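All remarks here apply to the structure that follows.
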Amino acid sequence: KEGDEGDQFYIIVGGKVTVSREGREIATLSRNQYFGEIALISDSPRTASVQSKSTCLLLSMTKHSFRTMFYDCPESLAEVELKILGKKTSL
């Protein structure tokens, strides 16, 4: 939920979710897309709320596991940070 502490990263295996900010729908995500990364990387509150549009299957990763993964592979973190910057400028 927007404003909550981020403690998980999610990858959508099946189904669809809507992303909203300040009560306004801004995106729909589906299979192979992900959410929750901004709060984990920036150590800030969630920037948006996500709600399922259908039955969903999600993979989740804890904040600790997420950070450990990027500690071992910093070039991947740079790639994700660039994607986040792109998301922020398009919103």
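The values are calculated or read from the model by the stated rules, or taken from the named source; none is laboratory data. Just so it is clear, the structure is predicted and the values come from calculations on it, not from any experiment. Because the Cβ atoms are built from the backbone with ideal geometry, glycine has one as well, and the counts that use them run over all protein chains shown. All accessible areas refer to the heavy atoms of the entire protein, side chains included, with ligands and DNA or RNA removed. Shrake-Rupley method; radii C 1.70, N 1.55, O 1.52, S 1.80 Å.
What the table shows:
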item: Among the candidates Thr55, Thr18, residue that is surrounded by 11 or more Cβ atoms within 10 Å (Cβ to Cβ) and either more than 10 Å from the chain's Cα centre (by Cα) or in contact (Cβ under 8 Å) with a residue 60 or more places away in the chain (or both); result: Thr18
item: Residues of region 21-43 classified as at positive phi and more than 13 Å from the chain's Cα centre (by Cα), total; result: 2
item: Filter result for Ser60 (under 20 Å from Glu2 (Cα atoms), of a type outside the set (A, V, I, L, M), touching a residue at least 40 places away in the same chain (Cβ under 8 Å) and in a strand (DSSP E or B)); result: yes
item: Number of the condition not met by Met61 [criteria: (1) closer than 16 Å to Val80 by Cβ; (2) within 10 Å of the chain's Cα centre (by Cα); (3) aliphatic (A, V, I, L, M)]; result: (2)
item: Counted residues, region 21-30 - those being free of Cβ contacts under 8 Å to residues at least 40 places away in the same chain and closer than 21 Å to Glu81 by Cα; result: 4
item: Residue in region 2-11 that is farthest from Lys63 (Cα to Cα), counting only those that are surrounded by 12 or more Cβ atoms within 10 Å (Cβ to Cβ) and touching a strand residue (DSSP E or B) at 6+ places or on another chain (Cβ under 6 Å); result: Glu2
item: Residues of region 21-52 satisfying the condition of being of a type in the set (D, E, K, R), assigned to a loop (DSSP other than H, G, I, E, B) and open to solvent by 50 Å² or more (accessible area, probe 1.4 Å); result: Glu22, Arg31, Asp43
